[in-house]
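A short worksheet on the structure shown next.
A short reminder: the numbers here are calculations on the coordinates, not readings from a lab. Note that the coordinates shown come from a computational prediction; the quantities given were computed from them, not determined experimentally. Glycine also receives a Cβ, built like all others from the backbone with ideal geometry; neighbour counts cover every protein chain displayed.
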Amino acid sequence: MKTATAAMTANSSAPIISVRGVNKTYAGGFQALKKIDLDIKRGEIFALLGPNGAGKTTLISLICGIVKATSGTIIADGHDIMQDYRAARATIGLVPQELHTDAFESVWATVKFSRGLFGKAPDAAYLEKVLRDLSLWDKRNAKIMTLSGGMKRRVLIAKALAHEPTILFLDEPSAGVDVELRHDMWRMVRTLRAQGTTIILTTHYIEEAEDMADRIGVISKGELIVVEDKAVLMRKLGKKQLTLTLRRPMTGIPAGLSAWPLVLSDDGHVLVYSFDAQEEETGIAELLRTLAEHGIEFKDLRSRESSLEDIFVSLVHRPKGTQE
Amino acid sequence: MNIYGIRAIYHFEMARTFRTLWESIVAPVLTTSLYFIVFGKAIGSRMGDIDNVSYGAFIIPGLVMLNLLNESISNASFGIYMPKWAGTIYELLSAPVSWFEVLIGYVGAAATKSVMLGLLILGTARIFVPYEIAHPVWMVAFLLLTAVTFSLFGFIIGLWADSFQKLQVVPMLIVTPLTFLGGAFYSIDMLPPLWQKITLFNPVVYLISGFRWSFYGIADVDVAVSIGMTFGFLMTCLIFVWWVFKTGYKIRH
């Protein structure tokens with residue numbers, strides 16, 4: 001067992017987190033997760049997306065040891081999270097979604113507590129660096145209850161980093177956080193990744209996942225419906241749209257154009273043509289020719305690639321069994 | 001063994017104690033002083049000696065036990081209930097600490113605080129009543145054993161409670177009456193014969209009797225039985241906490 005563990009840890013291509021056949025049914029009978037299989041690659045930023053109640057936080061809580069799985073196994077950095085919980089948990093830092101803090105403690109005391117709790121010898125210099133990186137150093141002696149929501153979020157991040165984890169979970173880190181802090185936070189996440197930390201985040205701001213993540217997992221109703229490299233996902237599921245602003249409004253789409261997937265705006269001024277971004281032949285040239293033949297003139301045209309948000313919405317609302 | 005983890009929990013809890021040191025000390029010391037004035041001086045002056053011990057001195061071990069039990073339970077129950085209530089328990093549950101290490105940290109800190117308070121009350125009592133301690137080593141042993149046992153009991157209450165009201169229920173409705181009826185202010189010889197038998201079902205009788213023996217060499221029940229009963233309660237609490245952590249009852253879904 002030990003040899004296998006050591007070999008896995010040493011092998012950098014092995015997943016840093018491996019979730020196999022994990023189910024979670026709560027005492028009330030609610031099945032929060034259904035047979036989850038997921039590998040997180042070492043050193044990546046993995047974004048877990050999903051609507052509220054999809055099971056994102058439950059999955060994170062299972063890996064971190066806060067919630068017990070009904071069945072299945074989870075390996076974190078080569079250690080089974082149940083059998084070898086000490087080694088597994090020592091590698092993980094968690095920033096929870098809710099602002100759970102010790103209101104009466106000072107910032108310094110709380111990060112010192114976190115470091116000790118995770119079994120690390122005191123290291124004032126390291127903690128000072130963490131607090132400085134998060135712009136918390138000036139507030140080190142302040143009681144947490146006196147801090148703003150954004151500052152409390154920073155404190156939670158500092159606590160999660162206090163024991164130098166190799167895996168960092170950020171559960172909705174930008175919820176209720178102002179723009180400046182969000183930028184600071186993402187800058188810090190990139191720095192941590194550059195230092196070799198694996199980061200798993202959940203977010204409602206899909207543009208953040210689009211901006212930050214290497215890979216994306218989408219979870220819906222307790223099932224992991226897609227796990228894909230972000231670029232591949234966007235290429236594979238992305239649609240493009242050509243929007244034409246018409247010179248003269250139309251009352252309906254002419255019969256000769258009925259074969260085209262066109263949508264006319266309510267006021268008849270805008271015509272939208274959707275096409276598959278992957279296709280070699282987009283059909284744009286043919287469409288423009290056909291429009292000219294029908295005497296339809298336009299004063300503006302623009303094309304747009306679907307965002308991750310569009311992809312996410314289409315994935316989550318797609319009928320079961322139709323995804324790849 | 002995660003020594004740093006135990007130290008972190010212990011220091012965290014002790015820091016909480018010292019933050020509220022003034023309230024923690026003043027209230028029990030004031031209450032105890034009132035007991036000495038009312039029972040020791042006003043009423044005690046009209047009472048005869050019990051087994052050659054003045055009434056004022058007789059109630060000292062009982063009063064210390066009363067405070068020790070209440071403080072141990074409230075410190076430990078509050079200590080573990082707070083993170084549950086504030087949600088910060090997520091950190092404890094995700095940390096590489098075993099249930100036993102968590103226990104040493106929380107129960108150790110709660111017991112430390114109540115022992116400190118017990119000694120403080122003994123000091124306060126000295127102002128009002130002269131007394132001797134016949135078996136000081138046993139006195140300290142009883143003090144420690146009771147503090148640890150009832151801190152464990154408090155820890156269990158803190159795990160079980162899901163509201164601040166529930167946190168108060170057991171100490172107010174069970175522990176305080178048992179302490180008052182456990183011979184804190186009287187010797188069980190003074191009770192009618194039937195009540196002498198019934199009172200033996202009260203575990204606090206054994207604690208107070210043993211503790212009083214360490215002061216004056218007088219006891220309602222055999223000292224060995226007192227020690228045995230306290231250990232028995234300690235083991236019961238330990239087994240229960242072990243079961244709680246093993247099954248995740250009320251803490252890990």
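Odds and ends about this structure:
- At 1.567 mPa s and 4 °C, Stokes D of the stretch A:11-52 from Kirkwood alpha-carbon radius, µm² per second: 106 µm²/s
- Percent of C-alpha pairs per 10 Å bin, the stretch A:227-275, short to long: 23, 40, 19, 15, 2
- Helix-only [θ]222 nm of the protein assembly as shown, DSSP H runs n ≥ 4, -39500 (n - 2.57) each, per residue, nearest 500: -16000 deg cm²/dmol
- Top positive-direction residue, dipole computed over chain A with Cβ charges, set A:Leu48, A:Met188, A:Thr73: A:Thr73
- D_trans [Stokes-Einstein, Kirkwood Rh over alpha-carbon pairs] for the stretch A:159-226, 37 °C, 0.692 mPa s, µm² s⁻¹: 252 µm²/s
- Reachable aspartates and glutamates from A:Lys120, criterion Cα separation under 14 angstrom, eight or more residues apart if same chain: A:Glu164
- Counting only residues at least eight positions apart within a chain, or on another chain, the lysines with an alpha carbon under 20 Å from that of A:Lys139 are A:Lys112, A:Lys129, A:Lys152, A:Lys159.
- Put a dot 7 Å past the Cα of A:Asp267, heading toward its Cβ, do the same for B:Ala141, and the two dots end up 9.2 nm apart.
- Helix axis angle, B:136-160 relative to chain B longest principal axis, alpha carbon, degrees: 50 degrees
- Degrees separating the helix A:284-293 axis from the principal Cα axis of chain A, which is the longest one: 30 degrees
- Qualifying lysines (Cα of each under 21 Å from Cα of A:Lys240; at least 8 residues distant if same chain): A:Lys230, A:Lys299
- Across the stretch B:3-247, Cα-Cα pairs more than 33 Å apart make up 19 percent of the total.
- Cβ neighbours within 10 Å from other chains - mean over A:92-105: 4
- Magnitude of the charge dipole for the protein assembly as shown, about its Cα centre and with charges confined to Cβ atoms of Lys, Arg (+1) and Asp, Glu (-1), is about 780 debye.
- Efficiency of FRET between A:Gln83 and B:Ile239 - r from beta-carbon atoms, R0 25 angstrom, step 0.05: 0.60
- Taking other Cβ atoms within 10 Å as a rough exposure proxy, B:Tyr35, A:Tyr126 sort from fewest to most as A:Tyr126, B:Tyr35.
- Residues B:Tyr106, B:Tyr55, sorted so that the one with the fewest Cβ neighbours within 10 Å comes first: B:Tyr55, B:Tyr106
- Charge dipole of the stretch A:2-234 (Cα centre as origin; +1 on each Lys and Arg Cβ, -1 on each Asp and Glu Cβ, all else neutral): 600 debye, rounded to the nearest 20.
- Convex hull of Cα atoms in the stretch B:71-209, direction-averaged projection (nm²): 10.2 nm²
- Under-25-angstrom lysine pairs by C-alpha in chain B, whenever the two are 8 or more apart or on separate chains: 7
- Net charge of Cβ neighbours under 12 Å - reference A:Lys35; Lys, Arg +1; Asp, Glu -1: +1
- Of B:Arg19, A:Arg193, the sequence from fewest to most neighbouring Cβ atoms within 10 angstrom is B:Arg19, A:Arg193.
- Separation of alpha-carbon centers, the stretch A:58-130 and the stretch B:1-48, rounded to whole Å: 34 Å
- Anisotropy class of the stretch A:239-305 from Cα gyration tensor, a/c 1.5 cut: prolate
- Other protein chain C-beta atoms within 10 Å of residue C-beta, averaged over B:79-91: 4.
- In the stretch A:116-220, the alpha-carbon atoms span a convex hull of 125 Å³ per residue.
- Remark on the protein assembly as shown: hydrodynamic radius 28.3 angstrom, per the Kirkwood mean of 1/r across alpha carbon pairs.
- Separation in nanometres of the label points that stand 7 Å from Cα toward Cβ, at A:Arg132 and A:Gln31: 5.3 nm
- 3J(HN,Hα) along the stretch B:213-225, derived from phi through the Karplus expression 6.51 cos²θ - 1.76 cosθ + 1.60 where θ = phi - 60°, amounts to 4, 5, 8, 10, x, 10, 8, 7, 10, 4, 4, 4, 5 Hz, with x in place of Gly and Pro.
- Using the Karplus relation 6.51 cos²θ - 1.76 cosθ + 1.60 with θ = phi - 60°, the per-residue 3J(HN,Hα) values for the stretch A:154-170 come to 4, 4, 5, 5, 4, 5, 5, 8, 4, 9, 6, x, 9, 10, 10, 9, 10 Hz, with x marking Gly and Pro.
- The stretch A:19-93: mean projected area of Cα convex hull, nm²: 5.1 nm²
- Label-to-label distance, nm, for residues given as B:Ile25 and A:Ser274 (7 Å Cα→Cβ offset): 7.3 nm
- Over the Cα atoms of the stretch A:68-158, the radius of gyration divided by the Kirkwood radius equals 1.05; this is the Rg/Rh ratio.
- For the stretch A:2-234, the calculated P(r) over all alpha carbon pairs, in 10 Å bins from 0 to the bin holding the longest distance, is 8, 32, 37, 20, 3 percent.
- Cα long-axis angle, helix A:107-117 against chain A (0 to 90 degrees, to the nearest 10): 80 degrees
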